[in-house]
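One structure is given here, and the rest of the page talks about it.
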There are 2 protein chains.
Amino acid sequence: MSGWLKIVGLGPGDESLVTPEANTALAAATDVVGYIPYVARVAPRDGLTLHASDNRVELDRARHALDLAVQGHRVVVVSSGDPGVFAMASAVFEAVEEGPDAWRTLDIDVLPGITAMLAAAARAGAPLGHDFCAINLSDNLKPWALIEKRLRLAAEADFAMAFYNPRSKSRPEGFEKALETLRTQCGADRLILFARAVSRPDESLRITTLGEATADMADMSTVVIVGSSRTRIIDRPVNPIVYTPRFTPE
Amino acid sequence: MSGWLKIVGLGPGDESLVTPEANTALAAATDVVGYIPYVARVAPRDGLTLHASDNRVELDRARHALDLAVQGHRVVVVSSGDPGVFAMASAVFEAVEEGPDAWRTLDIDVLPGITAMLAAAARAGAPLGHDFCAINLSDNLKPWALIEKRLRLAAEADFAMAFYNPRSKSRPEGFEKALETLRTQCGADRLILFARAVSRPDESLRITTLGEATADMADMSTVVIVGSSRTRIIDRPVNPIVYTPRFTPE
């Protein structure tokens, strides 16, 4: 039997945001590998083995998945959102690059998904409707100085910005520092959105300004979006709309 | 009857990348409004009116959709990819902001989709696997100087970069200038990907370097991705993998 590996994005949470392509891959799999809460989203069935592992063991998980595929299993590695955006795809390729030759000949596909920032942006309106950047605020794998530099340059470029992994228990001070840098660069009136658990039962969306924002408005389930200087709010009798227009004057 | 407006992303082309949520909206619609090739992706049926319009009339199209919804129609505005990324969502909100009060009370939703850069990145591996930015290279609605500035700052920030609308007949020189700026900032060895019509029958993917890249490698159906300094290629007996690792050393 010829094994394969598919690295699949399950979207932000709701089943209605999982692509048919992702479901087809899951239906053909013999093994599903991933972080515990993402594997829990896959329905058990005969012939399917679920391998759930804890957070922060991405490389071990990737190697396990590659081993199974080389042995002839049909393996799906699940990520939430899109697997290519701060998720499992890069971890798998790091493992392939450093691993045995057999891993390089494997049939490996990445199946895209709805990433958290786009689900969050859709809920708010279109805050990423013009040029934007996406930054992982975790400094587990890069120096904080690089995060600071990217924040300053992104502000100077007047990008809208989406932030993944804004805050964790192990580094509570990082997001506070990021907010301070953004306030200095962008001013207190700049719009900021905290979108938590979008499409899940405990979804919440808070729209405020950098001047009013505090670090405790985010946790590890939150995507944070900071507008560009052009991002605006349409107040209306129903929910407000936050969007970035397409047009930038000379 | 109470009308509504949903701004829906159909993904990059293949049906297997359309979310169930998008199909549910289309099934409930009385009217579909959009650019000709995107409306052509919606199956005709009794009770559904298709309103296809030409390119570059986004605001007129948005106003037409809003008018229909106010009259009680259930209207889907279709975009390819994700409607919030260089697509119809911002155009609709521009129209709402400048339009009559009745438009502000409407039930308006944005339904996310698989945007072109994420479909392209998945096909290549994971070139957007770490911090990245997305820039629309069209200068129809913003000054070229702003595009140049963003390119320089994005290179300085060492973002991977995705470029939408790299090239059109009306401005053939823009993308050539962008490549020249990127070559100066990032060096000739930096990886660049040209992903055309991903998930469609005429899909193509070309992996090269800035030194070898020429403007005619892109057209308006191409998404261009330029790696960060960390983006690398894994050569293998089968298709090569391009990815950006999660780890950045001090």
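Bear in mind these aren't lab numbers, they're just calculated from the coordinates by the rules spelled out. Note that the structure is a prediction, hence the values are computed from the model and not measured. For neighbour counting, all protein chains shown are included, and Cβ atoms are generated from backbone atoms with ideal geometry for every residue, glycine included.
Given a cut-off of under 8 Å on Cα pairs at least six residues apart, what relative contact order in percent is computed for chain A?
That works out to 20 percent.
Distance from a point 7 Å along Cα→Cβ of B:Asp109 to each backbone N in segment B:17-34: keep the residues under 12 Å and list them by number.
Correct set: B:20-29.
Relative contact order (percent) for segment A:4-114, with alpha-carbon contacts under 8 angstrom and 6 or more residues of separation?
So the answer I get is 43 percent.
Per residue of segment A:77-87, what does 6.51 cos²θ - 1.76 cosθ + 1.60 with θ = phi - 60° give for ³J(HN,Hα)? Whole Hz please, x for Gly and Pro, Karplus curve as stated.
My calculation for segment A:77-87 gives 8, 9, 10, 7, x, 10, x, x, 10, 6, 9 Hz in order.
Straight-line reach only, C-alpha to C-alpha below 13 angstrom: list the aspartates and glutamates that A:Lys177 could link to, leaving out same-chain residues fewer than 8 apart.
Candidates past the 8-residue exclusion: A:Asp139, A:Glu148, A:Asp216.
Note the distances from A:Pro240 to each other copy's matching label point, with points 7 Å along the Cα-to-beta-carbon direction, in nm, sorted shortest first.
So the label point of A:Pro240 gives 4.8 nm to the other copies.
Of A:Lys149/B:Lys169; A:Lys6/A:Lys169; A:Lys149/A:Lys169, which pairs sit farther than 28 Å apart, going by alpha carbon to alpha carbon?
Distance filter (> 28 Å) returns A:Lys149/B:Lys169; A:Lys6/A:Lys169.
May I ask you to derive the relative contact order of segment B:192-244, considering only C-alpha pairs under 8 Å and at least 6 residues apart, and to give it as an integer percent?
In percent, rounded to a whole number, it is 32.
What cysteines in the protein assembly as shown have no other cysteine with a beta carbon less than 4.7 Å from their beta carbon?
A:Cys186, B:Cys186
Across peptide A:17-26, what mean number of C-beta atoms from other chains lies inside 10 Å of a residue's C-beta?
Whole-number average of other-chain Cβ neighbours for A:17-26 is 4.
Under the rule of at least 5 residues apart or a separate chain, name every residue whose amide H is placed under 5 Å from the amide H of A:Val77.
Hits under the 5 Å cutoff: A:Lys6, A:Ile7, A:Val8, A:Val33.
Bin all alpha-carbon pair distances of chain B at 10 Å intervals from 0 and give each bin's fraction as a whole percent.
7, 29, 30, 21, 10, 2, 0
Just from its helices, what would the mean residue ellipticity at 222 nm be for the protein assembly as shown, if runs of 4 or more DSSP H residues each count -39500 (n - 2.57) and the sum is divided by every residue, rounded to the nearest 500 deg cm²/dmol?
Result for the protein assembly as shown, helices only: -9000 deg cm²/dmol.
For the protein assembly as shown, build the convex hull from the C-alpha positions and give me its volume per residue in Å³.
146
About the Cα centre, and with charges only on the beta carbon of Lys, Arg (+1) and Asp, Glu (-1), how big is the dipole of segment A:4-114? Nearest 20 debye, please.
200
Quick one, can you get me the convex hull of the C-alpha atoms of segment A:117-243 expressed as volume per residue in Å³?
100
Just want the answer: with Cβ charges of +1 for Lys and Arg and -1 for Asp and Glu, which residue in A:Val78, A:Phe175, A:Gly47 is farthest toward the dipole's positive end in chain A?
Of the options given, the answer is A:Phe175.
Tell me the distances, shortest first, between A:Ala52 and the same position across the other copies, using label points 7 Å along Cα→Cβ, in nm to one decimal.
Label-point separations across copies, in nm and ascending: 4.8.
Quote the charge dipole size of segment A:26-87 about the Cα centre in Debye, to the nearest 20; the model charges only the Cβ of Lys and Arg (+1) and of Asp and Glu (-1).
80
What does the charge dipole of segment B:65-127 about its Cα centre add up to, to the nearest 20 debye, if the Cβ of each Lys and Arg holds +1 and the Cβ of each Asp and Glu holds -1?
Roughly 360 debye, rounded to the nearest 20.
From the C-alpha gyration tensor of segment A:1-123, pull out the three semi-axes of the equivalent ellipsoid (sqrt of 5λ each), sorted largest to smallest, in whole Å.
Three semi-axes, in Å: 22, 16, 12.
Please report the residue of chain B with the smallest beta-carbon distance to the B-to-A rotation axis, and give that distance in Å, no decimals.
B:Cys133, 2
As a test, work out the antiparallel percent of DSSP beta bridges whose residues both lie in chain A, rounded to the nearest 5.
40
Would you mind listing the distances between the A:Glu212 label point and the same position in each other copy? Use 7 Å along Cα-to-C-beta, nm, one decimal, shortest first.
Between copies, matching label points for A:Glu212 lie 5.3 nm apart.
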